[in-house]
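To start, the structure under review is shown below, and the notes come after it.
Each value in this text was obtained by applying a stated rule to the coordinates, not by laboratory testing. It should be emphasised that the depicted structure is a prediction, and the values quoted were computed from it without experimental measurement. A quick note on method: Cβ atoms are made from the backbone with ideal geometry, for glycine too, and the neighbour counts reach across all protein chains shown.
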Amino acid sequence: MNLWCSEMNLRVALIGTGAVGRGVLSVLSSKNLGIILTGVADSRSGQINPDGIRIPDLLHQKENTGLCGDPSISADRVVNEAPYDILVEVSPTDAESGEPATGYIRKALDRGCHVVTSNKGPIALKYHELECQARERGVALRFEATVAGAIPIIHMLQDSLGGNEVQALYGVLNGTCNYILTRMAEEGLSYKQALDEARSLGYAETDPTYDVRGTDAAIKLVILANTIWKTGIRLRDIHVTGIDLLTEEAIRLAEEQDATIRLIGEIVPSKNIYRVSPLIIPRVHPLTVKGSLNAVILRTDLAGDLFFSGKGAGSLETASAVIGDIISIRERYAGGY
Amino acid sequence: MQVSMKLEIRDTPGHLVAALMPISDMGGNIKTVIHEHDNLTEKGSLSVEVVIEIPKERLSGLLSLLQERGINVIRFGEESMHYQQSVILIGHLVHTNLGDTIDRIDETGYAEVIRMSISMPAINERSSAKFTIKAISHEHMDKAIDILRDVSRKKDILMIEPLVF
């Protein structure tokens, strides 16, 4: 088991320097959290320094050259050779293969190191296997940032609701879709106009298919389902309908009854409901959040209904979830050698 | 008036027809029969749920007739369609026979489309319609929605349901 003294610096290696990675770096450099960066890699370069990499220099280099280190040092090498306590894997999601992230995570766990990831691919596809591997090695695998950005929903489910039976989960899990639907409702925009606006503001990718057809929300639902019920649900088990065929007239029709339309993920195991679909929802319902916000309702037997909302994406918001995982691992495992 | 009854019959051929005969004999109109073969009672008999339309003054006559013929009425009550739900359909609704889509609900006897608003932006463009459906119970509403889901799938219509919470 990987233990360290609370007085010691916690050593972290970071894979991925996109929006989330840069958010993590900026928090590490601006807050004195007792964490040092001993390795970093992007898709084209890497660096290792057991004494700690100077983060302002690293960010400067990344900004000027597009590289975070030496092109001869690969992400594989950082994962295999850098001295770290926690591997922070925040490379882009590949929802089909889960690679190369899954390989990095396996290797880090194999080395007896903890892993924190924001990458949905490995968790949606290989959660059970990776969780077993982590348990065998006596280390932690945390993935708060994979679902609902800044909302600490996984932490809540794994740590704070012990003894509760979660009976159902309802969530707005994709900020891009929620932004589009909000704008269609509030400004009377067509689907295409709202999508173009979301793109110009950076809320939607150039190819928005993954978001607007519901795949992203469905992957998050898979992760939540496996965290709560551990039933081995896969993406193909979720019935998915996107928002790409919605009309503005449909939203007007919903408004006639003081309602609107939102893309909602639902899991109700007792009714065998596992789906993501646009639904008619009262305008005053807690899940009718605006813009790119995310929201989740958990129905539990002891605590009753619990509601969470917050920013579902963004560099610092997602970094908040990653940093929260790192700190919670330190608190749980700190104890000296 | 519309009445729903739960009848107990023996699980042998001919008994269902025998149980329904008194209803037509008394001038009642059978709107729906829900007959679940798997649903045996403790005594090994079947329960059948029927919804009928019958003039109010003939109801007590019908109950006596059922009793005379040895058919046990487990439950009966005046039925009205209390449960209401709206769904929105998007697609080529007129070209895929809107009348048939509505009929599929109305012909169940336990649910009907009571209101519809439709918006057709232009010829050849997809239209959007809101159906308000009434049903005699939650379970019947779920069944009606299932039917509409199936029809929508076959007609390539996007159906937007309400969040049931």
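Cross-link pairs exceeding 29 Å in C-alpha to C-alpha distance, out of A:K31/A:K120; A:K230/B:K130; A:K31/A:K126; A:K290/B:K154, comprise A:K230/B:K130; A:K31/A:K126; A:K290/B:K154.
The tail of the calculated P(r) for the stretch B:2-78 beyond 18 Å holds 32 percent of all Cα-Cα pairs. Summed over all non-identical Cα pairs, the Kirkwood treatment of the stretch A:39-79 gives a radius of 9.9 Å. Put in line by how crowded their Cβ is, counting other Cβ atoms within 10 Å and starting with the fewest, B:V3, A:V322 read B:V3, A:V322. Think of each Lys and Arg Cβ as +1 and each Asp and Glu Cβ as -1; about the Cα centre, that makes the dipole of the protein assembly as shown roughly 600 debye.
Note on B:K6: aspartates and glutamates with a C-alpha under 14 Å away, same-chain residues under 8 apart excluded, are B:E36, B:E49, B:E78, B:E79. Using only Cα atoms and rounding to the nearest 10 degrees, what angle (0 to 90) does helix A:191-200 make with the longest principal axis of chain A? Here the helix axis deviates by roughly 30 degrees. Taking a point 7 Å out from the Cα of A:S74 in the direction of its Cβ, the residues of the stretch A:12-42 whose backbone N falls within less than 17 Å of it are A:15-16, A:40-42. A simple charge model with +1 on the Cβ of Lys and Arg, -1 on the Cβ of Asp and Glu and nothing else charged puts the dipole of chain B at about 260 debye relative to its Cα centre. Rounded to the nearest 500, the 222 nm mean residue ellipticity of chain B from helices alone is -9000 deg cm²/dmol, with -39,500 (n - 2.57) taken per DSSP H run of at least 4 residues. Ranked by how many other Cβ atoms sit within 10 Å of their own Cβ, fewest first, the residues A:S91, B:S137 fall in the order B:S137, A:S91.
Rg/Rh, computed from the Cα trace of the stretch A:1-91 with Rh as the Kirkwood radius, has the value 0.95. Taking the empirical scaling 2.2 N^0.38 Å for compact globular proteins as reference, the protein assembly as shown has a Cα radius of gyration ratio of 1.24.
If you wrap the stretch A:196-277 in the convex hull of its Cα atoms and look at it from every side, the mean projected area works out to 6.9 nm².
Give the cross-link partners of A:K192 among the aspartates and glutamates, using a straight C-alpha distance below 15 Å as the criterion and excluding same-chain residues fewer than 8 apart. Qualifying aspartates and glutamates at Cα under 15 Å: A:E205, A:D207, A:D211, A:D244, A:E248, A:E249, B:E125.
Against the main long axis of the alpha-carbon atoms of chain A, helix A:120-137 sits at an angle near 40°. Sorted fewest first by neighbouring Cβ atoms within 10 angstrom, B:M1, A:M156, A:M184 come out as B:M1, A:M156, A:M184. Any chance you could list P(r) for the stretch B:83-160, counting all Cα-Cα pairs in 10 angstrom bins from zero, rounded to whole %? Histogram of Cα-Cα distances, whole percents per bin: 20, 56, 21, 3. Take the Cα radius of gyration of chain B and divide it by 2.2 N^0.38 Å, N being the number of residues; the result is 1.24. Label-to-label distance for B:R75 and A:R332 is 4.8 nm, based on points extended 7 Å past Cα in the beta-carbon direction. The slack between A:E129 and A:K31, meaning 0.36 nm per residue of separation minus the straight C-alpha distance, is 31.8 nm. In chain A, the longest principal axis of the Cα atoms and the axis of helix A:315-333 are about 50 degrees apart.
In a reduced charge model with +1 at each Lys and Arg Cβ and -1 at each Asp and Glu Cβ, the stretch B:2-78 shows a dipole moment near 140 debye about its Cα centre.
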